[in-house]
Every structure is written in structure tokens, then in C-alpha cells.
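K.L.:
One structure, as C-alpha cells, below. Some questions next.
The values are calculated or read from the model by the stated rules, or taken from the named source; none is laboratory data. Please read all numbers here as calculations on a predicted model, not as lab measurements. Methodologically, a virtual Cβ is constructed for each residue, glycine included, from the backbone with ideal geometry; neighbour enumeration extends over all protein chains shown.
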Amino acid sequence: MTQDSNESELQRRMAPGALCLEGFLGTDPRAAAEILAADRAALDAMGLTHRDLAEPLRTVLDLAMTACGRAVRLGRATLRPDPAGDLSATCREAMGRIVCPFDDGLFPKGEVELLDGRTGECLTVTPLSVHLIAEHGFYQGRPSRYRLEPRDIARMFGLGPPER
Amino acid sequence: MQVERGQPLLAALRERDVFLASACGGRGLCGLCRLKVLHGGGPPQPAERRHLSAEEIAAGVRLGCQVRAEAGLAVEIPPKLLASRRYQGAVERIRDLTHDIKEVRIRLVEPDAIDFVPGQYVQLEAPPPSDDAEGAWRAYSIASPPADREHVELIIRLVPGGLCTTWVFRRLREGEAVRLRGPFGEFRLADTDRPMVWLAGGSGMAPFRSLLHHLRKKGAARPCTFFFGAVALRDLFYLEEFHAAERRLPWFCFVPALSDPAEGDRWEGETGLITEVADRRLRDAGDAEAYLCGSAALVNAARKVLRRKGVPPERIYYDKYN
């Protein structure tokens, strides 16, 4: 398969209705490759890697998913259960699994709502979205249900340089 | 059987109404579409080596999505797979069980009856959401008893962004035609008279409803405690039905629990994760067998509790729905 046909196949899998109802690109007019490059640049500007952002998300996701729907309070610095913590993560379980659009894995459906009690900011995280960030540097198109802005993740976990 | 040369076996068999299990659409990711190749098929592909043990490969086990049809290819198809069929049905009733769970009752039209074992599931076809998209088949445990051969009832929870559940919640109406295939699955009661522990959360309720009505109709009397968990009162359903069964059936005990009751729920029942409730309520369960249905996290937590209570692993049966 050529580079072009790889990209068009990826674009097809990310379209609405291919693997999930809304797809992975939202109404973003950019191609997947352009989204990847723009988010890569945003991370470089913060001095962070995709894995720097994916790892805390994965920790939170694992804790929330084992709590079977009960909210888990977490300390922001430790990312461990802490009744006085600022962060709260709640899993909404769902039936079934979803294929990664890059065709390298199958992930449980369901989502975790991560709420910052100090600012009121909220991120919606799924097992697939953490995989997409960690393995493919893909944060999804704007606006889509599971788009995660690199800057929002960094702010949630206190990563990267302070914002001005 | 004649099929097109080079076609993946999974697809070739499906076209002839032989349905191998698959959760990834034939991409070699789920490892479910196993079958035994007796002759031909070429060497195992990398995707197969990730899912199959050396012993399985040596025994001829392959993934149906990775084997391509060729002249002289011989495979062994378990007879149970030949029992699965396509069905045309009509939606007889849709009712809300909770804010995000619906019960869909389907009358079978062609064929007009199904034979299944409680615990098995069917796949429901959702039509393509747009002209340039494809339809999707999704699996749902049958919640109705097998004695009602002309109907299947499904318990469907809305999955955010889900192709099938969004269609069920937004578009599907009573009277509409639907397509199903099945039955599938190995989750079923062992043929013993041991006491039973059932444990489920959310739409994991479905197989147990089918089982309960089946056992009642059979006049069975196996002691059974059913732990059913939800977050808040708005997430519980079939409460009256199961409490009524508990009153009628001396062998059946129903224990619903809420992990995080909302203000105003006035809940006087058990609270905590359903696995914590089972941990508190079960004494020595070494003689019991256990049946679990729910998310992987729930099933894994329940297995740990049951092992502590003395249930040996070979008597813990489960159906993880993700």
C-alpha cells in the first residue's frame, strides 16, 4: 500500500459511521496528518512528549475503571486515591470494544470524566483516546466528543511550563 | 462448500450463514474467530501468533479472518456454530428501564422461532448512519426466557457515540423491521445442583433474567443469591419483577445495591460496590458455583471476592461485556 492509500484508508476509518457514530475528526477540515503535526508542534512548544500526557491519563483511567462507576478522588501530584484530592474521576461503563483507527488494537468502550474541583475544568477520557495519544500522538479532530487539547491535559496535571 | 478463492474464511463462512465470533471485523485484533484447519491454509500469520499458543497452532487452530480460501482447504466447524441463523424480526415493544437503558422486545418473523440456552446472545444489525457508511452488528444477551421461542427481549444501554445504541435510542420505533443473527455464546448454567451466586451490574442483568424465568418454569429449586449493582436508584431496573420472584420462589434471594445513592433516593437496601456487598453477605461459598456478567473491572473484582469465599476458579463462570 502506498503512503497516499494508507492516509486515505486512515481518513476513511476516522470518518463518521466507520468505527463509531461521530468518527474521530469532528468537523475539523484538516486531514488527520495535519492534526497530528499541529498537536506535535503544540507539545514541542511545551517541552513535553505524547507519553508525558498519556501516562497520567492512563493512571486516572485505570483507577476510575476499577471503581465500577463510583467517583474516585485523587491527589493532583500523586494521582493516587485521596479523599481530599482536587481531582475526581468517574467511569461510565459501556458494553463492547472499539477498534483503533490505526488498526493496532481493540479497546473497551466506556469513558471516564475527570473533573478538576479547583477550576471546574473537565476532560472526557477513554481507553482508546489514551492509546491514540500514547502510540500515535493523535488527540482527535476539533470539535469531537473525545478531542483532548494537549494544553488542557498539561494544565490538569500541572505539566510543562506555567501558562502566561 | 464453494467459496471465492482468496477470500478470508471469516467472511466466506458468514456469507453462508456460518458465524464465527468476531469483535474486530476481521482485522486479526480480537482473536475470537478460531477454528480448526484440517488441510491447507498456509502458514500462520503474525496476527495469529499473537493470539494463539504454540500448542494451538500445532493442533491446527487458526483465526478465520487470517486464513484465505484456497482449493482443497478443509476446516472443522463445531456443530454449535451451525445452529446460528439469520432472523427477520419486528419490534413489538420498546420501554425505558432507566434513563439510559431500554428493553427492546422483538417478535421473530422469518424464521418465526429461535432455540437458545439462557445466557446466550444474539447480534442486532444497526443500519448505516449515512449513505457512505456501513451498518454494524452488535451483540446483546437475550433477556427473555427460551420458552418464549417467538420473541427475544434485549436490554440495551446507550453507549455515547455508539453506532447501534444511538440508532436504538433515537430512531428505532415499535413496528419496525430488524435483522438479528444468533444465538451465540458459551455462558450458561452448568448442569449441577450446586447453590449459585449470580452477580451483575447494569445491562449485565440480561442473562440472569432469562435464567431466572427459565428455572422458574422448569420448577428448579437450586439455592441462588443474585447480587445486582447500580450507581443510584435511577440506574436500577426490574426491581419489582425480581422482588416478586423472590417472594414466590423460596430458593431465590435478590440483593440489589447502590454504590453511590443520590440525595433523595431514600434507599434502605444495601450500599457499596456490588462486590463489596457480596463480600459482606457471603459466608463460606466453597460449595457454590458463581455466574458473573458485567464490565471487565466488575468481573475481575468479583472473581477475587469469590475466590476468597472459597469458590474454586473452575466454578466461576463469567461473561465480560467489554
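K.L.:
Could you say whether any residue in the stretch A:89-106 is charged (D, E, K, R), within 14 Å of chain B (Cβ to nearest Cβ), closer than 16 Å to A:Phe24 by Cβ and part of a loop (DSSP other than H, G, I, E, B)?
P.N.:
There is at least one residue in the stretch A:89-106 that is charged (D, E, K, R), within 14 Å of chain B (Cβ to nearest Cβ), closer than 16 Å to A:Phe24 by Cβ and part of a loop (DSSP other than H, G, I, E, B).
K.L.:
Still on this structure, I have one more. Evaluate the following for B:Glu263: is it surrounded by fewer than 23 Cβ atoms within 10 Å (Cβ to Cβ) and in a loop (DSSP other than H, G, I, E, B)?
P.N.:
Yes, satisfied.
K.L.:
Look through the stretch A:132-164, keep the residues that are in a helix (DSSP H, G or I) and among the small types (Gly, Ala, Ser), and return whichever of them is nearest to A:Gln11 (Cα to Cα).
P.N.:
It comes out as A:Ala134.
K.L.:
If you don't mind, there's one more thing I want to ask. Just to be sure I understand, how many residues within the stretch B:115-139 are within 9 Å of another protein chain (Cβ to nearest Cβ) and at pLDDT 95 or above?
P.N.:
0
K.L.:
Among the residues of the stretch B:233-260, write down those that are crowded, with 18+ Cβ neighbours inside 10 Å and either aromatic (Phe, Trp, Tyr) or at pLDDT below 95 (or both).
P.N.:
Residues satisfying the conditions are B:Phe237, B:Tyr238, B:Phe242, B:Phe252, B:Phe254, B:Ser259.
K.L.:
Now, a different point. Among the numbered conditions (1) without any contact (Cβ under 8 Å) to a residue 60 or more places away in the chain; (2) more than 14 Å from chain A (Cβ to nearest Cβ); (3) buried (at least 20 other Cβ atoms within 10 Å of the Cβ), tell me where B:Phe208 comes up short.
P.N.:
In the conditions (1) without any contact (Cβ under 8 Å) to a residue 60 or more places away in the chain; (2) more than 14 Å from chain A (Cβ to nearest Cβ); (3) buried (at least 20 other Cβ atoms within 10 Å of the Cβ), B:Phe208 misses (1) alone.
K.L.:
Among the numbered criteria (1) surrounded by 17 or more Cβ atoms within 10 Å (Cβ to Cβ); (2) in a loop (DSSP other than H, G, I, E, B); (3) in contact with a Pro (Cβ under 8 Å, 6 or more places away or on another chain), which single criterion is violated by A:Thr27?
P.N.:
The single condition A:Thr27 does not satisfy is (1).
K.L.:
Moving to a separate point now. Which residue out of A:Asp39, A:Asp44 is surrounded by 16 or more Cβ atoms within 10 Å (Cβ to Cβ), farther than 24 Å from A:Arg118 by Cβ, at pLDDT 95 or above and of a type in the set (Asp, Glu)?
P.N.:
Exactly one residue qualifies, and that residue is A:Asp39.
K.L.:
Turning to a different aspect of this structure: Got a number for residues in the stretch A:14-28 being within 11 Å of another protein chain (Cβ to nearest Cβ), under 16 Å from the mean Cα position of the chain (by Cα) and small (Gly, Ala, Ser)?
P.N.:
1
K.L.:
Further question: Among the residues of the stretch A:70-87, are any crowded, with 21+ Cβ neighbours inside 10 Å, at the interface with chain B (Cβ under 9 Å from one of its Cβ atoms), free of Cβ contacts under 8 Å to residues at least 40 places away in the same chain and within 21 Å of B:Asp260 (Cα to Cα)?
P.N.:
No: the stretch A:70-87 contains no residue that is crowded, with 21+ Cβ neighbours inside 10 Å, at the interface with chain B (Cβ under 9 Å from one of its Cβ atoms), free of Cβ contacts under 8 Å to residues at least 40 places away in the same chain and within 21 Å of B:Asp260 (Cα to Cα).
K.L.:
Of (1) more than 14 Å from chain B (Cβ to nearest Cβ); (2) closer than 30 Å to A:Pro29 by Cβ; (3) out of contact with any helix residue (DSSP H, G or I) (no Cβ under 7 Å at 6 or more places or on another chain), A:Glu55 satisfies all except one. Which?
P.N.:
(2)
K.L.:
Another question about this same structure. Applying the selection to the stretch B:273-302, what residues are within 14 Å of chain A (Cβ to nearest Cβ), over 20 Å from A:Ala94 (Cα atoms) and not acidic (Asp, Glu)?
P.N.:
B:Val277, B:Ala278
K.L.:
The conditions are (1) more than 26 Å from B:Tyr140 (Cα to Cα); (2) surrounded by fewer than 14 Cβ atoms within 10 Å (Cβ to Cβ), and B:Val305 fails exactly one of them. Which is it?
P.N.:
Among (1) more than 26 Å from B:Tyr140 (Cα to Cα); (2) surrounded by fewer than 14 Cβ atoms within 10 Å (Cβ to Cβ), the lone unmet condition for B:Val305 is (2).
K.L.:
Given the criteria within 11 Å of the chain's Cα centre (by Cα) and either more than 17 Å from A:Ala54 (Cα to Cα) or assigned to a loop (DSSP other than H, G, I, E, B) (or both), does A:Arg73 qualify?
P.N.:
no
K.L.:
Report yes if some residue within the stretch B:273-292 is closer than 16 Å to B:Pro207 by Cα and in a loop (DSSP other than H, G, I, E, B); otherwise report no.
P.N.:
no
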